[in-house]
Amino acid sequence: MKLFLILFAATLLSISCGSQKTAGKEKKDFYPIAGYFQSQLNHLDSMPLAVIHYRTIDNAVDTFIVDKADFRKAIVSKFIESDISTPDKIQQYEETPLLDASVGTMTLIYTPEPGNILPVRKLDVLLSAANSDVFTIYIEKVLPAEDSTVIEKMLWTNNKNCQITTLIQQPGAEEKVIHDKYIWDK
């Protein structure tokens, strides 16, 4: 019975987040990433918690307390701008749902359609199969710069923390790794 409920929830989620054909044209509905992050900001703003920033570069760790307004502007905007469910981006990506009934989760995996080279290379939304609550969102972006390539690997854990690992690759130089973790609830 439990397996039936999980499969039923997965089917409903697949139908609501998947693609649909309307008037001969495929209409895609992806998980609303920007709306999710906006609700996370609202949750954070309602909590009397500080945002603690841990930055690691070359095994040296610095710790700061970050103002919520600065966190909203500088960090969360990186996550929100990665929303691929907007009309100008949605047709360039495909969704692959993956159900893991053994742990009761569903992962919605978003990747660019074949042939598209886009900044957001991968986006994974890990959901509860029972109630569609988000556990984590992982985003991988490649940002070409004039003299280097910057790869951002971003992970948001629902109501707890987020982290951004930035890999900077320059020709003929060793890769530089910057790891930023922001914690507001343990």
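The table below lists the values:
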{"read-out": "Any hit, region 111-118, residues being over 10 Å from the mean Cα position of the chain (by Cα), of a type in the set (Ser, Thr, Tyr), surrounded by 18 or more Cβ atoms within 10 Å (Cβ to Cβ) and part of a strand (DSSP E or B)", "value": "yes"}
{"read-out": "Selection count where residues are among the β-branched types (Val, Ile, Thr) and closer than 17 Å to residue 71 by Cβ, scope region 147-172", "value": "3"}
{"read-out": "Residue in region 93-101 that is surrounded by fewer than 16 Cβ atoms within 10 Å (Cβ to Cβ), of a type in the set (Val, Ile, Thr) and in contact with a strand residue (DSSP E or B) (Cβ under 6 Å, 6 or more places away or on another chain) present", "value": "yes"}
{"read-out": "Tally of residues being crowded, with 17+ Cβ neighbours inside 10 Å and touching a residue at least 40 places away in the same chain (Cβ under 8 Å) across region 159-179", "value": "2"}
{"read-out": "Leading residue by the ranking (farthest from the chain's Cα centre (by Cα)) among those in region 127-186 that are among the hydroxyl-bearing types (Ser, Thr, Tyr) and part of a strand (DSSP E or B)", "value": "149"}
{"read-out": "Region 65-83 - residue that is touching a strand residue (DSSP E or B) at 6+ places or on another chain (Cβ under 7 Å) and either at pLDDT 95 or above or in a helix (DSSP H, G or I) (or both) and, of those, surrounded by the most Cβ atoms within 10 Å (Cβ to Cβ)", "value": "79"}
{"read-out": "Selected residue [in contact with a His (Cβ under 6 Å, 6 or more places away or on another chain) and either of a type outside the set (A, V, I, L, M, F, W, C) or closer than 19 Å to residue 43 by Cβ (or both)] from 157, 165, 149, 136", "value": "165"}
{"read-out": "Checklist (1) at pLDDT 95 or above; (2) crowded, with 16+ Cβ neighbours inside 10 Å; (3) not polar (S, T, N, Q) applied to residue 90, failing item", "value": "(1)"}
{"read-out": "Residue count, region 113-158 (criterion: under 21 Å from residue 89 (Cα atoms), at pLDDT 95 or above and of a type outside the set (A, V, I, L, M, F, W, C))", "value": "8"}
{"read-out": "Filtered residues of region 152-186 (kept if hydrophobic (A, V, I, L, M, F, W, C) and farther than 17 Å from residue 74 by Cα)", "value": "167, 168, 173, 177"}
{"read-out": "Enumeration of residues in region 94-135 that are without any contact (Cβ under 8 Å) to a residue 24 or more places away in the chain, hydroxyl-bearing (Ser, Thr, Tyr) and under 24 Å from residue 39 (Cβ atoms)", "value": "107"}
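The values are calculated or read from the model by the stated rules, or taken from the named source; none is laboratory data. No experiment lies behind these values; they were computed from the predicted model shown. Glycine gets a Cβ as well: all are built from the backbone with ideal geometry, and neighbour counts include every protein chain shown.
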